[in-house]
Amino acid sequence: MSSVTSTYGANIAFIEELYEKYRSDPNSVSTSWREFFHDYQPEEDEISVAAGAPPAAERPRAAAPTPVAVPTRPVPVPSAVPLRGAAGKIAQNMEASLSVPTATSVRTIPVKALEENRRVINSHLTLNGQTKA
């Protein structure tokens, strides 16, 4: 990978396109791009790719070997056994929880109301000899 490509990454195609416009007419790009292109030194292979030159031909690759299909036998599946004990109770509770609706509503509460409620709760806890919430 060239230094220009590694510096600008995926934006290199856009930069090269603007550079071609700049080379044909410097006034066709904005002032900031003119300042950028004044010192810009692209590599020759990037200019040719951006200008539409055909890329260099790739070396022919050896064909990958075709995998041979091996017939497989189905694996016998043991019959299902109901869960018992703690695992059974957990599974039962998980099934029951599917019928509980999820929280889908949003409620806006003013911060002042939250602070007031917190103050009331903390006053009550202090009167009963408990720590603050």
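Here is a yes/no grid of residues against (1) of a type in the set (Asp, Glu); (2) surrounded by 10 or more Cβ atoms within 10 Å (Cβ to Cβ); (3) part of a loop (DSSP other than H, G, I, E, B):
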| site | (1), (2), (3) |
| --- | --- |
| VAL77 | no, no, yes |
| ALA96 | no, no, no |
| ALA103 | no, no, yes |
| ARG107 | no, no, yes |
| LEU125 | no, yes, no |
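In region 28-43, the residues that are part of a loop (DSSP other than H, G, I, E, B) form Cβ pairs under 6 Å with partners that are modelled with pLDDT of 85 or more, at six or more places apart or across chains, as follows: VAL29/LEU18; VAL29/LYS21; VAL29/TYR22.
For first residues located in region 101-115 and touching a residue at least 24 places away in the same chain (Cβ under 8 Å), partners that are part of a loop (DSSP other than H, G, I, E, B) and of a type outside the set (Phe, Trp, Tyr) and lie 6+ apart or on another chain with Cβ distances below 9 Å do not occur. Checking every residue in region 111-123 against the condition of being loosely packed, with under 10 Cβ neighbours inside 10 Å, among the hydrophobic types (A, V, I, L, M, F, W, C), at pLDDT below 90 and not in a loop (DSSP other than H, G, I, E, B) gives at least one match. Restricting attention to region 1-12, the residues that are assigned to a helix (DSSP H, G or I), exposed (fewer than 13 other Cβ atoms within 10 Å of the Cβ) and either of a type in the set (A, V, I, L, M, F, W, C) or at pLDDT 85 or above (or both) total 1.
Here ALA63, ALA86 are screened, and the one residue that is among the aliphatic types (A, V, I, L, M), loosely packed, with under 10 Cβ neighbours inside 10 Å, over 34 Å from the mean Cα position of the chain (by Cα) and not in a helix (DSSP H, G or I) is ALA63.
The values are calculated or read from the model by the stated rules, or taken from the named source; none is laboratory data. Given the structure is predicted, the values throughout are model-derived calculations rather than measurements. Reconstructed Cβ throughout: ideal geometry from the backbone, glycine too, with neighbour counts over all protein chains shown.
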